1. Calculate the length of the line joining the C-alpha centroid of region 278-298 to that of region 1-59, in whole Å.
2. Please identify, among Q236, Q222, Q159, the residue showing maximal mean-square fluctuation in a Gaussian network model of the chain using a 10 angstrom Cα cutoff.
3. Can you give me the C-alpha center-to-center distance between region 210-270 and region 155-195, rounded to a whole angstrom?
4. For K10, give me every one of the aspartates and glutamates with a C-alpha distance below 16 angstrom, ignoring sequence neighbours fewer than eight places off in its own chain.
5. Classify region 24-168 as rounded, prolate or oblate, taking a ≥ b ≥ c as the square roots of the eigenvalues of its Cα gyration tensor: rounded when a/c is under 1.5, otherwise prolate if a/b is larger than b/c and oblate if not.
6. Once all Cα-Cα distances of region 1-99 are split into 5 Å bins that start at 0, what whole-number percent is in each one?
7. Kirkwood hydrodynamic radius of the chain from all distinct Cα pairs, in Å?
8. Given a 10 angstrom Cα cut-off, can you work out which residue in F348, F12, F33 is the most mobile in a GNM of the chain?
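Nothing in this text is a laboratory measurement; each read-out follows from the coordinates by a stated rule. In this text the structure is predicted, and so the values were computed from the model without any measurement. Positions of Cβ are backbone-derived with ideal geometry, glycine not excepted, and every protein chain shown enters the neighbour counts.
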Amino acid sequence: MSRLFKYIAKKFWGPFFFALGVFVALVVLGDTFEKLKTLSNGHSTLGAVLTYSLLTFPSWLTTIMPVACLLGAISVISEMVASGEWTACVASGFAPRQLFKPVVLCILLVTLGTMAVQEFVVPPLNVKAETLYYTRIKPEANFNLNAEADVAMKVSDNQLLFAKEVDLNSGVMNEVSLDTYDHGWNIASQFVAQRMVWDEASRRWIFEDGTRRTFLNAMDTQEETFEQADSPVQLQPQDMSVNKTENKLLSLRELSKRIQFFKRTGLVSYSAETERQAKLATPFVTLIMCLLGMPFAISLRRKSKILNIIASMVIAFTFWWLISMITSIGENGYINPYLAGWGPVLLFGAVVFFEFKWLKL
């Protein structure tokens, strides 16, 4: 059994790397040629475009990985069927599920490696690629990926903070208003300042160039101007998650930090939570996709790489279409984020279960 296990596992890697190379080359070249159109805008350069393609290469690699796994799995099974090896193994007493195990193990190894790359390699490279794109390829005035405009957040049970721009990397919030409310949610006091700056030495936020306004009653207020004043905001910059980086570009750790910050400050978190659950479900999606296609390969009585590729693409794009649609619905808050992330896994997991049961595998 161990020899057969190694033999089948070894057969997986050839089609897998072939598919990975072909699909990645097509996608990367297509994306690169698309970006080459920007060379006529007077800002972009060939070096910038090629650097952008290099930075986004790991992201495309992880995106194509499930399709490569699927094509590798289907190719192994169909080749064994075409050569008569499958029939010989079954006649020798091996169950189809036993013959699937080495392929499944290879897929799990690829999936674990993909998850590691997605968590530790892809996010920082994608951020660099986004910055490069909007500063050198298709420049936007005053682009700063770390700065977010028009931010509103709850900093305590009775305090709301409004800022025209927040740049946590610099530790600066511009055009800030901090409103404090009483038990009846009537405004009691207000800080209005040009800036709120994080002071690392005292580890607190400092208002600069502003006014403190106290509301005595519905008609009267008391105002006091200041150059500097201590802020009651206790959240430190490293505990905040305010920037222009899209959820899909973040790692699971960064997504978890953003979700915790959103919940703490009263911001909407269902989009980030949907993305986090979708990332967690990715390895199961890859495995189920392959398990769905492997029984199909048994029905291929002739070795046909073209048919394998077509079958892989149909199954993969059906998965991607459904996952993209459900994820989009979840990100807009129409369904529970956990259902949006794990719904396709549960649905196709049930399909795989009944498929194996129907085919008696």
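1. If you average the Cα positions of each part, the centres end up 21 Å apart.
2. Between Q236, Q222, Q159, it is Q222 that shows the largest mean-square fluctuation.
3. Taking the Cα centre of each part, region 210-270 and region 155-195 sit 7 Å apart.
4. Excluding near neighbours in sequence, the set is E79, E85.
5. On the way: a/c = 4.97, a/b = 1.87, b/c = 2.66.
In terms of gyration-tensor shape, oblate.
6. 2, 12, 17, 15, 11, 10, 8, 7, 6, 5, 4, 2, 1, 0
7. Working: mean 1/r = 0.0414 Å⁻¹.
Final number for the Kirkwood radius of the chain is 24.2 Å.
8. For the chain, modelled as a Gaussian network with Cα springs under 10 Å, the answer is F33.
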